[in-house]
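Participant: Take this structure, written in structure tokens, and hold onto it; I'll ask about it next.
The values are calculated or read from the model by the stated rules, or taken from the named source; none is laboratory data. This structure is a prediction, so every number in the text was calculated from the model and none was measured. No Cβ is skipped: glycine too gets one built from the backbone with ideal geometry, and neighbour counts run over all protein chains shown. Side chains are part of the model used for accessible areas, which takes the heavy atoms of the whole protein and leaves out ligands, DNA and RNA. Shrake-Rupley method; radii C 1.70, N 1.55, O 1.52, S 1.80 Å.
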Amino acid sequence: MVPVYRARLPAAEAILPYLRQIDASGQYSNRGPLVWAFERRLDSLLGGNAAHVVSAASGTAAIAAAILATAGPASAAAPLALMPSYTFVATAQAAELCGYRPWFVDVDAAGWALDPIRLRTNPQLGPAGVVVVAAPYGRLPDIEGWTRFAADTGRAVVIDAAASVEALARRVEATPDAPVGVPVAVSLHATKPLACGEGGLVLWSDRTGLERVARALNFGFLGSRSAQSAGFNGKMSEYHAAVGLAALDGWGARRSAVARLHARMARMIQARGLGPRLVAWPDIASCYLLHDAGEAGDPAARTQTLARRLDESRIEHRFWYGGGVHREPVFLGRDGCDALPVTEALAMRLLGIPVRAPGGGDAEDEAVAARVFDAMEQVP
Ligand SMILES: *Cc1c(COP(=O)(O)O)cnc(C)c1O
């Protein structure tokens, strides 16, 4: 079976020098020297001159801590967290961990994300304590637009940009002084482009806000063992930072390899005339490749046909966001969503197909792509 994604994390030899530093320091968790070094390198990769990073145990922990740092826990006056349904289920679960009731809002047909202009007139904004904006497949939302939204509406905004590390790095290269006005949470899970196994981070220009993030991730403690605020244990360990530092050592090589892999794939796609039906890096994160069945006729039927062809060829495929979070059994049947026509359509239209993290054999990568494209060519 060809897996829908094959992750590649740093090899043991690349991690070993960092593990030896842990042996020497004797510090294993609680913001030790490797976590500190990892965060400072992430500052320059993702924050430029204008923002900083606090690491977390997972992307989900990063989202929850960002919510606590900017909105605090839910209250009777502000019980709702507005969010898209077209996202990974963790977006909603992180808000629930902070006491909020998710309220699902439809996404924009072009960007697949919430729209900071349209949301201003949503009736549910009244009882909303926080808006959690998701970056679909790593496509970065309009950070400036959401910063203005937060200022104008007085509502806290958190961006779940779990898979957006590449887009954030490009943003900083283009505009190193651009502030990050609302907290942005990123996942460093094995399946994301920059991976340390399990991990996450919050990127933000607000220094005291980041202190509140760090406090939420450490039982509400900051500088003393007294709980000052809502919190939990969401800290990154020194061991995960060791893997993360090794991943950063290989980051430049990985980026070049992603560009090479996609240049080769683009040639294959063009030769077969499949361009309009594929969504790929750099439009989305390099860990995803999507088949877009389009809008004309019966896209759901085309998607199902492709899924069957891929099954026959023993190629894994995945609806990365299922049918939308509102259709997950745990959320189904609750009073908690607007009408979601765009979400429903996207969920049937976009199918995740295999792509590999670069670093394996080129010939093997191309052979996998060729098998996937063969199956696509059999879809009318
Ligand atoms: C991966 C992902 C998460 C969860 O991140 P973890 O590190 O697995 O906790 C949350 N939201 C989105 C959109 C994701 O893609």
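Participant: Translational D (Stokes-Einstein, µm²/s) of the chain at 10 °C and 1.306 mPa s when Rh comes from the Kirkwood sum over C-alpha pairs?
Facilitator: It comes out at roughly 74 µm²/s.
Participant: Could you give the DSSP H helices of the chain that reach 18 angstrom or more along their long axis (alpha carbon positions) and whose average Kyte-Doolittle hydropathy is no lower than -0.5? Walk me through the numbers on the way to the answer.
Facilitator: Numbers: long enough: 12-25 (19 Å, 0.24); 251-272 (31 Å, -0.40); 299-312 (20 Å, -1.00); 362-377 (22 Å, -0.21).
In the chain, the long hydrophobic H runs are 12-25, 251-272, 362-377.
Participant: Per residue, how large is the accessible surface of the chain? Use a 1.4 angstrom probe and give square angstrom.
Facilitator: 40 Å²
Participant: Further, regarding this structure: Among Ala280, Gly323, Leu340, which residue has its Cα furthest toward the positive end of the charge dipole of segment 252-377, with +1 on Lys/Arg Cβ and -1 on Asp/Glu Cβ?
Facilitator: So the residue we want is Ala280.
Participant: What percentage of the solvent-accessible surface of the chain, computed with a 1.4 Å probe over protein heavy atoms, is contributed by carbon and sulfur atoms?
Facilitator: Percent of accessible area from carbon and sulfur atoms in the chain: 55.
Participant: For segment 200-206, in order, what is each residue's ³J(HN,Hα) by Karplus, 6.51 cos²θ - 1.76 cosθ + 1.60 with θ = phi - 60°, in whole Hz (x at glycine and Pro)?
Facilitator: x, 7, 10, 10, 6, 8, 8
Participant: All other residues with a Cβ under 13 Å from the Cβ of Ala190 taken together, and with Lys, Arg as +1 and Asp, Glu as -1, what is their net charge?
Facilitator: +2
Participant: Next question, about the same structure. How many percent of Cα pairs in segment 85-222 exceed 20 Å?
Facilitator: The share of Cα pairs beyond 20 Å in segment 85-222 comes to 47 percent.
Participant: Lys and Arg at +1, Asp and Glu at -1: add these up for the other residues within a Cβ distance under 11 Å of Ala367 and post the number.
Facilitator: -3
Participant: Can you compute log10 of I(q)/I(0) for segment 1-111 with the Debye formula, treating each Cα as one identical point scatterer, at q = 0.12, 0.17 Å⁻¹?
Facilitator: -0.69, -1.06
Participant: Moving on to the next point. Shape of segment 295-358 from its Cα gyration tensor (a ≥ b ≥ c, root eigenvalues): rounded if a/c is under 1.5, otherwise prolate when a/b > b/c, or oblate?
Facilitator: It comes out prolate by the Cα gyration axes.
Participant: If the only charges are +1 at each Lys and Arg Cβ and -1 at each Asp and Glu Cβ, what is the size of the charge dipole of the chain around the Cα centre, to the nearest 20 debye?
Facilitator: Charge dipole, the chain, about its Cα centre: 380 debye, nearest 20.
Participant: Something else about it: Amide H of Arg6 versus every other amide H placed in the peptide plane: which residues, excluding those fewer than 5 positions away on the same chain, fall under 5 Å?
Facilitator: Result for Arg6 returns Val355, Ala357.
Participant: Taking every pair of Cα atoms in segment 252-377, average 1/r, invert it to obtain the Kirkwood radius, and report Rg/Rh to two decimals.
Facilitator: Details: Rg = 16.1 Å, Rh = 15.8 Å.
My calculation puts Rg/Rh at 1.02.
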